[in-house]
Amino acid sequence: MSQNILQKILSQHLVSGDLTPGEEIGIKIDQTLTQDATGTMAYLQFESMRIPKVQTELSVSYVDHNTLQDGFENADDHRYLQTVAAKYGILYSRAGNGICHQVHLERFGRPGRTLLGSDSHTPTGGGIGMLAMGAGGLDVAVAMGGGPFYLTCPKVTRIELTGRLQPWVAAKDVILYILELLTTKGNVGTVIEYGGEGVATLTVPERATITNMGAELGVTTSVFPSDEVTRMFLAAQDREGDWVELTADPGAEYDCTLRIDLGELVPRLAKPHSPDNVCPVSDMAGTKVHQVMIGSCTNSSYRDLMVVASLLKGRQVHPEVSVGVAPGSRQVLGMLTQNGALADLVTSGVRILESACGFCIGNGQAPQTNAISIRTNNRNFEGRSGTRSAQVYLASPETAVAAALTGAVTDPRELGLSYPGIRLPERFWIDDSMILTPAANPETIEVYRGPNIGDPPANNPLPEEIRGVVTLKVGDKITTDHIMPAGSRLKYRSNVPKYAGFVFEGVDPTFPERCLSNRDKGIHNIIVGGASYGQGSSREHAALCPMYLGVKAVIAQSLERIHTANLINFGIVPLTFEKEEDYGRIEQGDSIVLPDLRERLKTGQAVTLRNVTKETEIPLYHTLSTRQREIILAGGLLNFTRSAEQS
Ligand code: MIC
Ligand code: SF4
């Protein structure tokens, strides 16, 4: 039978279930990655499983998020991560070596393999033909221990690419166009598979820009075929042996097909405060710009930064624009250094930033009050830049440079410059000396634990019923950045009681305090949300910290995939309204009961909500598998795993 790429990879990795869309399946994970902001908790969880060595083909621990180190906390975490990696058979990519997704693509990604990463942009690996998915740290810990990764078997949308991008139109404009078409809502449970003759015109880093921002669509992942272009990229990384061809069979079936003529696309921008709020750059032309930030796992490859350096060579950035460039990896930075492009950037007035996430996660480079900031990263959620009043626009490196030069939003085609056609080198600069290999004698390694590192808090099994109050009611598109802010708060990732004090900080700063006061009186906290609750990152702290605060259920119009999985892993019941309009029949402060919830989940019966304040009943809905219901009944995945071990 003809198979598409997803079916090929899934069928080779399937350990439980049937490949029927909508059914729960378990798959074997070949590779894992973690980054430092999610990694510490993931490895604490891995350690608690008491497995002497990771069971994967390859596991890499990257340090790229918390590199600001304003205080001892991050440096302590890095030391912890380094010692854990040495002890348990994990490669350790040191701070300064680059952003996890960029480095993984360069040095480790392999077509046809599965990759699970504790970061939502792990699908970047789809650019090299991997089935690469983001998940919470606990799921990654389980995969490191050799356990399957469970997911809902996705539907597949094929995006058929024809034609070729015009000069000044970039891969970023392709994905911004797709975000305009499909939006950030309603794509849960889908994988995007790219095909068509236009694929061969895109390099691997360009493909990776497109799959990276599939995360913003909310899809499970995105994947490109592995073809001659992939082989050449791997050969240039001295890894030709990792190449296998991977294409869809002729006649392979898809749930839906879209066609995009690359030649018809124009430069685009995503306006504040959502990656799907997209318009042509020309619509905003002339708008004054205060800051331009180029980098992040979306657009910091050698190709991207060579475009930027070539355009800035011999020119000065506009005096009223602060311009920063963060190379995606040490490989990229090293090559820019060797070929003189770094000197061109420095001479033009660019601020050279560390090879790390930095500005993208609000770790430094917060713009001025009310600033317009053009950035090449993937998320422009309100406040994520570190300045609540800032207006962040997402764009390609080409469009970002145009603004850096002119001081205003400018369609790069209007610059009047000739387009720098950058070709990838036949051989990249390869130096893996900042990737440390595990210890030869792991028993001699003592794991370092700084004072900020605490054990993951425990949860109790699900009570007979949930009886409490709607502590918070929020609207549509609540992101994990709303729930659990990062930026200057990131350094508390290893200290849950402290970090929990910032849950919903920008939405309602009294939330943690009100939750704790209810929790201590035995009143359960319930959150009510609108559509697409939990968009964005994979950070499990957006579930773990609410759990610590005594949140027992989240009831929304719709919930995003990774966040739902995280809620389940920490024993919080994810529910949706059977009828969307019932969202209007609950208010913040209402007393709520979910009667016989334990029994109903156990036996798979429908769940209802009794609004005691309004004296109404509301039917609720869930798609929890038997395994997920058991996890919730146990009070989360760690409890569930322990009880399975004991029985
Ligand atoms: C992000 O881009 O939001 C992050 C920071 O990389 C997160 C992970 C985290 O919160 O640590 C993600 O995308 O999963
Ligand atoms: Fe880092 Fe930003 Fe990419 Fe997240 S989206 S991994 S913070 S560069």
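The values are calculated or read from the model by the stated rules, or taken from the named source; none is laboratory data. Fair warning: this is a prediction, and the values are worked out from it, not measured in the lab. Please note: Cβ atoms are built from the backbone with ideal geometry, for glycine as well, and neighbour counts cover all protein chains shown.
Overview of results
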quantity: From Arg384, Arg413, residue being within 30 Å of Pro546 (Cα to Cα) and buried (at least 17 other Cβ atoms within 10 Å of the Cβ); calculated: Arg384
quantity: Subset of the stretch 363-381 [within 13 Å of ligand 2 (Cβ to nearest atom) and surrounded by 23 or more Cβ atoms within 10 Å (Cβ to Cβ)]; calculated: Asn363, Arg375, Thr376, Asn377, Asn378, Arg379, Asn380
quantity: Test: residue in the stretch 360-372 that is within 18 Å of Ser274 (Cβ to Cβ), of a type outside the set (Ser, Thr, Tyr), out of contact with any helix residue (DSSP H, G or I) (no Cβ under 8 Å at 6 or more places or on another chain) and within 16 Å of ligand 1 (Cβ to nearest atom); calculated: yes
quantity: Qualifying residue in the stretch 51-73 (condition: touching a residue at least 12 places away in the same chain (Cβ under 8 Å) and in a helix (DSSP H, G or I)); calculated: yes
quantity: Residue match in the stretch 339-350 (condition: among the acidic types (Asp, Glu) and touching a residue at least 60 places away in the same chain (Cβ under 8 Å)); calculated: no
quantity: Hey, Asn518 under 29 Å from Lys602 (Cα atoms), away from ligand 1 (no atom under 16 Å from the Cβ), at pLDDT 95 or above and in contact with a Cys (Cβ under 6 Å, 6 or more places away or on another chain) or not; calculated: no
quantity: Residue selected from the stretch 17-47 under the condition polar (S, T, N, Q) and outside any strand (DSSP E or B), by the criterion nearest to Phe108 (Cα to Cα); calculated: Thr38
quantity: Selection from the stretch 58-86 of residues that are crowded, with 20+ Cβ neighbours inside 10 Å and over 24 Å from Asn452 (Cα atoms); calculated: Ser59
quantity: Subset of the stretch 475-527 that is buried (at least 18 other Cβ atoms within 10 Å of the Cβ), assigned to a helix (DSSP H, G or I) and of a type in the set (Ser, Thr, Tyr) - its residue that is nearest to ligand 2 (Cβ to nearest atom); calculated: Thr480
quantity: Residue pairs meeting the criteria (Cβ under 6 Å; at least 6 apart or on separate chains; first within 17 Å of Ala208 (Cα to Cα), in the stretch 369-396; second more than 16 Å from ligand 2 (Cβ to nearest atom)); calculated: Ala395/Leu269; Ser396/Ala170; Ser396/Asp173
quantity: When residues of the stretch 387-410 are limited to those that are surrounded by fewer than 17 Cβ atoms within 10 Å (Cβ to Cβ) and small (Gly, Ala, Ser), the one nearest to ligand 2 (Cβ to nearest atom); calculated: Ser389
quantity: Residue, farthest from the chain's Cα centre (by Cα), within the stretch 205-255, restricted to residues that are over 19 Å from Cys100 (Cα atoms) and in a strand (DSSP E or B); calculated: Leu246
quantity: Residues within the stretch 338-359 that are exposed (fewer than 15 other Cβ atoms within 10 Å of the Cβ) and closer than 26 Å to Asn74 by Cβ, tallied; calculated: 2
quantity: Qualifying residue in the stretch 43-52 (condition: within 16 Å of ligand 1 (Cβ to nearest atom) and touching an Asp or Glu at 6+ places or on another chain (Cβ under 8 Å)); calculated: yes
quantity: Within the stretch 126-171, considering residues that are out of contact with any strand residue (DSSP E or B) (no Cβ under 8 Å at 6 or more places or on another chain) and of a type outside the set (Gly, Ala, Ser), the one nearest to Arg539 (Cα to Cα); calculated: Leu138
quantity: Residue among Gly112, Gly89, Gly96 that is within 15 Å of ligand 2 (Cβ to nearest atom), surrounded by fewer than 24 Cβ atoms within 10 Å (Cβ to Cβ) and on the phi > 0 side of the Ramachandran plot; calculated: Gly96
quantity: Subset of the stretch 70-112 [among the polar types (S, T, N, Q) and more than 16 Å from ligand 1 (Cβ to nearest atom)]; calculated: Gln82, Thr83, Asn97
quantity: Within the stretch 403-424, tally of residues that are farther than 21 Å from Arg164 by Cβ and either basic (Lys, Arg) or part of a loop (DSSP other than H, G, I, E, B) (or both); calculated: 4
quantity: Hey, Ile466 more than 24 Å from Phe359 (Cβ to Cβ), modelled with pLDDT under 95 and touching a helix residue (DSSP H, G or I) at 6+ places or on another chain (Cβ under 7 Å) or not; calculated: no
quantity: Residues being among the small types (Gly, Ala, Ser), in contact (Cβ under 8 Å) with a residue 60 or more places away in the chain and under 25 Å from Pro509 (Cα atoms) - total across the stretch 447-478; calculated: 2
quantity: Test: residue in the stretch 116-127 that is within 16 Å of the chain's Cα centre (by Cα), away from ligand 1 (no atom under 16 Å from the Cβ) and farther than 18 Å from Thr38 by Cβ; calculated: yes
quantity: Condition met for Val84 (within 23 Å of Leu436 (Cβ to Cβ) and part of a strand (DSSP E or B)); calculated: no
quantity: Residues being in contact with a Pro (Cβ under 7 Å, 6 or more places away or on another chain), hydrophobic (A, V, I, L, M, F, W, C) and more than 20 Å from Glu23 (Cα to Cα) - total across the stretch 115-154; calculated: 2
